[in-house]
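The values are calculated or read from the model by the stated rules, or taken from the named source; none is laboratory data. This one's a predicted model, so the numbers in the text were calculated from it and none came from an experiment. Here the Cβ positions follow ideal geometry from the backbone for every residue, glycine too, while neighbour counts run over all protein chains shown. Accessible surface areas use protein heavy atoms only, side chains included; no ligands, DNA or RNA. Shrake-Rupley method; radii C 1.70, N 1.55, O 1.52, S 1.80 Å.
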Amino acid sequence: MEIAEASRTAVLVCQGRAVAQGRMAVGRFDDPTAMALLRDDERGAVDQVRSGVAPRGWGDRVEFEMVRASAEVMVPRTVGIDDALRERGAPQLVILGAGLDGRAWRMEELAKTDVFEVDHPASQRDKQDRMQGPPPPTGSVRFVPVDFTRDRLDVALAAAGHRESVATTWIWEGVVPYLTRAEVEATMRVVSGRSGPGSRLVVNYQAPALIGTLGRLVARGLALTARRRDPLAHEPRRSSWTPGAMGRLLASHGFAVGEDRDLLTIAGDLGLQVKNQRSLGNGRIAVADR
Ligand SMILES: C[S@@+](CC[C@H](N)C(=O)[O-])C[C@H]1O[C@@H](n2cnc3c(N)ncnc32)[C@H](O)[C@@H]1O
């Protein structure tokens, strides 16, 4: 991220989860924390999308479409990652770029897990402000403020009590696109160095696609013409990876990819009707074990 303010994309994906709750992939997708983490002014667009009635005004319509599209992405992304986490848990869970992720608060499976939420300091402060009120987490949650572009992730995790020789599940969701290849590689070195036997890395990334770049430019232009705050303005995309390149990166750090699926495939398995198929086709989740 470019400036010292909380992530807006974290809010957009949280809005997507709030839209989906109880309406999409019921029985498979479940995130009651999302709505609670939103501020009043962020819930309006969510309520509108949940109502199914598109607003008339141009500005409201642009926001409506962004939040609606976010829900389509978030359902398969959340379910895919939750499944990988349930399939092979570890005593420690590190969520890299946690944003408004509610897993530590909503997943009973984590009751005995030490959870470390790593995020940009500004985003983390924002989350903690929002958390006043919701029920306490089921397991232990430690907040670890780190800017991946300048701070030492290894030092911060060690200081927070993360044990490098014990198995860890790592979730890296919705963050890789905002980091350069060098920053992704530097983060992988730390993940590798702090992953005891039995560790699992679940990484969500974007495959290269011209249409994705164009789509972002259009979304940005629409937000500007609608005089709305563009949630993507300070979080430009910096890296995309082919499945082959991601597999090689993970293998070079001792993680063998067991599964790498695109979000459209996962959405299909969930029986979801998807409007924005190309966008989901470019988002991927790789699950790799040590
Ligand atoms: C799209 S949000 C995803 C949040 C969360 N993982 C989720 O899926 O709900 C991107 C997250 O990456 C974090 N992020 C982006 N650049 C970062 C950086 N340089 N250092 C630390 N965190 C960063 C943001 O703070 C934000 O929480």
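Restricting to the stretch 167-199, name every residue that is away from the ligand (no atom under 15 Å from the Cβ) and within 12 Å of Leu249 (Cβ to Cβ). Show your work before the answer.
First, the residues of the stretch 167-199 that are away from the ligand (no atom under 15 Å from the Cβ): 167-168, 189, 192-199.
Correct list: Arg189, Ser192.
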Query raised in the report: Where residues in the stretch 109-123 are surrounded by fewer than 18 Cβ atoms within 10 Å (Cβ to Cβ) and farther than 17 Å from Arg200 by Cβ, which of them is farthest from the ligand (Cβ to nearest atom)?
Result: Ala111
Requested in this report: Within the stretch 89-115, track down each residue that is in contact with a Gly (Cβ under 8 Å, 6 or more places away or on another chain) and either among the charged types (D, E, K, R) or closer than 28 Å to Asp151 by Cα (or both).
Outcome: Ala90, Gly97, Gly99, Ala104, Glu109, Leu110, Lys112, Thr113, Asp114, Val115
Query raised in the report: If you check Arg150, Arg163, which single one turns out to be without any contact (Cβ under 8 Å) to a residue 60 or more places away in the chain and outside any helix (DSSP H, G or I)?
Result: Arg150
Query - Any hit, the stretch 87-108, residues being part of a helix (DSSP H, G or I), closer than 18 Å to Arg130 by Cα, within 16 Å of the ligand (Cβ to nearest atom) and open to solvent by less than 40 Å² (accessible area, probe 1.4 Å) - result: yes
**Report entry** Selection within the stretch 3-43 - surrounded by fewer than 16 Cβ atoms within 10 Å (Cβ to Cβ) and either assigned to a helix (DSSP H, G or I) or not basic (Lys, Arg) (or both)
**Finding:** Ile3, Ala4, Glu5, Gly22, Val26, Gly27, Pro32, Asp40, Asp41, Arg43
Requested in this report: May I ask you to verify whether Ser195 is of a type in the set (Ser, Thr, Tyr) and more than 22 Å from Met246 (Cβ to Cβ)?
Outcome: no
